[in-house]
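Right, one structure below, let's go through it.
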Amino acid sequence: MEIKVLKNVLDRNNDQAGVNRSFLASRGVMMLNFISSPGAGKTTILEKTLPAIIKSMRIGVIEGDAYTSKDAQRLQKFDIPIVQINTEGACHLDSASISSAFKQLDLNLLDLILVENVGNLICPTSFDLGENYRVAVLSTTEGDDKPSKYPMLFRQAKVVILNKTDLLPYINFDRRSFLEDLDNLNPSVEYFEMSATEGTGLDKWLDWLLKIREKQHLP
Amino acid sequence: MHELTIVENIIRITRQVAEENKLNYISTVNLDVGSMQHLNEEIMKHSFDVVKEGTLLANAELKVNRLPVKLKCNGCGLIFSPVNGKYFCSDCGDKDTSVVQGMELIIRSIEGE
């Protein structure tokens, strides 16, 4: 006999993500989930972002890494709470691992949590962590065709950052075609361009971060 | 390779449903997968065959039903499928659209006795 089930396969993860979201809201904390390929520049973006906003808000970082704590070590100089999650090879963070990380952070003392997911354009996309904003980072060297190849990520993301713009003169990244594809897929996305290593183009991104943080404080 | 996580969840949920319905075995799991989900069917079926060992799904087959992406225009209400990655309304051109189908990852039903 056939039995109707009609259950979301990721119900457990989604339920916990909902719990995480309410937990954050009750403490007035905002959470961003950074998703990109390995090497797109997530950690460098955090390295350049943190010193600029550290005086305006209290920040915690959750670092997802398949094996090492190298990324977390790079951020230790900022003297902020950092929780390292080693997924031991797994390609994504999930809402349960974030919930465990919350226990190591005093959420009453934080305004913003930045989550650096495991470097991967596919797997993390299926796992809601309970974040307020999903941030997709793409580096120019990965090619301009990524929004059309990974529609789930680029459609769901509320923010897209194009990084490594300093390399544009040396590679065949068609910026116009990239922007057209992104606009076709997700016209309401917040979009920023930067070269995190050069420290250029970060102003608009930082302004946006400060702005949404202010909004969060409004009743 | 999040296929393994997905499959582990499929086994967990279907075992629970089978127990609730007093099934002795499950012969088929019917799974709806939206086309926006990046899931490799072969990897998923292979993972399924590994994880199902020793459970009441041991002889079960995982049947994957792919659902095409469908969008709804929030301007004129048209339901349409995106062509060439264009998620704006194919009729009135409105960019404000909602995905009404294509993100699914749903166990539709199980078959067994």
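The values are calculated or read from the model by the stated rules, or taken from the named source; none is laboratory data. Not measured: the values here are computed from a predicted model. Here Cβ is always computed from backbone atoms with ideal geometry, including for glycine, and neighbour counts include all displayed protein chains.
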* Structure fact -> Exactly one of B:D32, B:D49 is crowded, with 16+ Cβ neighbours inside 10 Å, among the acidic types (D, E) and under 27 Å from A:A90 (Cβ atoms), and that one is B:D32
* Out of the residues in the stretch A:71-82 that are modelled with pLDDT of 85 or more and in contact with a helix residue (DSSP H, G or I) (Cβ under 9 Å, 6 or more places away or on another chain), which is surrounded by the most Cβ atoms within 10 Å (Cβ to Cβ)? -> A:I82
* Under the condition of being closer than 19 Å to A:L153 by Cβ and surrounded by 14 or more Cβ atoms within 10 Å (Cβ to Cβ), which residue from the stretch B:71-86 is farthest from the other protein chains (Cβ to nearest Cβ)? -> B:L71
* Hey, does the stretch B:1-15 have a residue that's within 12 Å of chain A (Cβ to nearest Cβ), touching a residue at least 60 places away in the same chain (Cβ under 8 Å) and in a loop (DSSP other than H, G, I, E, B)? -> no
* Would you call B:E42 assigned to a loop (DSSP other than H, G, I, E, B), among the charged types (D, E, K, R) and more than 11 Å from chain A (Cβ to nearest Cβ)? -> no
* Asked: Are there any pairs with C-beta distances below 7 angstrom linking a residue in the stretch A:80-93 that is within 14 Å of chain B (Cβ to nearest Cβ) to a residue that is surrounded by 16 or more Cβ atoms within 10 Å (Cβ to Cβ) and among the polar types (S, T, N, Q), with the two at least 6 apart or on different chains, and if so which?
  -> A:C91/A:N120; A:H92/A:N117; A:H92/A:N120; A:L93/A:T87; A:L93/A:N117
* Those residues of the stretch B:87-113 which are free of Cβ contacts under 8 Å to residues at least 40 places away in the same chain and at the interface with chain A (Cβ under 8 Å from one of its Cβ atoms), in sequence order -> B:Y87, B:F88, B:K95, B:D96
* Matching option when the condition is of a type outside the set (G, A, S) and in contact (Cβ under 8 Å) with a residue 24 or more places away in the chain, among A:K103, A:K149, A:K48, A:K77 -> A:K48
* Asked: So, in the stretch B:80-113, of the ones that are of a type in the set (F, W, Y) and within 21 Å of A:S177 (Cα to Cα), which residue ends up nearest to the chain's Cα centre (by Cα)?
  -> B:Y87
